[in-house]
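All remarks here apply to the structure that follows.
The values are calculated or read from the model by the stated rules, or taken from the named source; none is laboratory data. Remember, predicted model here, so these are calculated numbers, not experimental data. Keep in mind that these areas ignore ligands, DNA and RNA; they rest on the heavy atoms of the full protein, side chains included. Shrake-Rupley method; radii C 1.70, N 1.55, O 1.52, S 1.80 Å.
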Amino acid sequence: KQRKGVYAMIIHAGNFELMAHGISRRFCNVHAPVKPIGKGSLARWVKTQRANNGVIEIMNDRTGHGSRTTRILSAMKAGEMVGFMVDQRRAKGLLAPLFGEPAWTNTGLFFLWNFLFFMFNESKNTF
């Protein structure tokens with residue numbers, strides 16, 4: 001059986017935290033690029049809940065775990081899911097239509113796909 005990684009592009013609608021929990025329990029680990037939400041007790045609670053519910057946070061940190069891109073690619077190679085919140089405004093984001101309304105989105109997934117496409121084609125259809 002061949003396991004392939006999955007990119008999930010989601011927006012802040014419904015309980016995305018609960019969805020990630022369900023997917024991680026039923027199918028595979030769920031990795032999510034996230035940004036810190038603070039340093040207080042709420043931030044610690046959210047981090048604990050995510051870890052207990054099978055969500056692996058991918059942060060820009062200096063803990064020696066590699067870059068975000070490296071961790072995303074590792075998750076994909078392992079046949080796991082990477083969930084992207086595409087409706088968050090980033091410093092280098094852009095406005096894109098979402099259900100007929102302009103919404104801020106980030107361009108990180110676009111650049112990652114271009115990188116993967118280039119790597120895939122250059123390496124004769126293998127990673």
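Residues whose amide H lies under 5 Å from that of Ile56, counting only those 5 or more places away or on a different chain, are Val30, His31, Ala32; hydrogens are built 1.01 Å from N in the peptide plane.
Computed from the Cα positions only, the extents of the stretch 1-58 along the three principal axes stand at 44, 22, 19 Å, in decreasing order. Between Ala8 and Val82, Gly83, Phe84, the built amide H atoms are under 5 Å apart, and every one of these is 5 or more places off in sequence or on another chain. The stretch between Met19 and Phe99 holds 26.7 nm of extra length on full extension. This uses 0.36 nm per residue minus the Cα-Cα distance. Heavy-atom accessible area with a 1.4 Å probe sorts Ser41, Ser67, Ser24, largest first, into Ser41, Ser67, Ser24.
Between Arg44 and Met9, the contour length at 0.36 nm per residue exceeds the Cα-Cα span by 10.1 nm. Ordered by solvent-accessible area of protein heavy atoms (1.4 Å probe), largest first, the residues Trp45, Trp104 come out as Trp45, Trp104.
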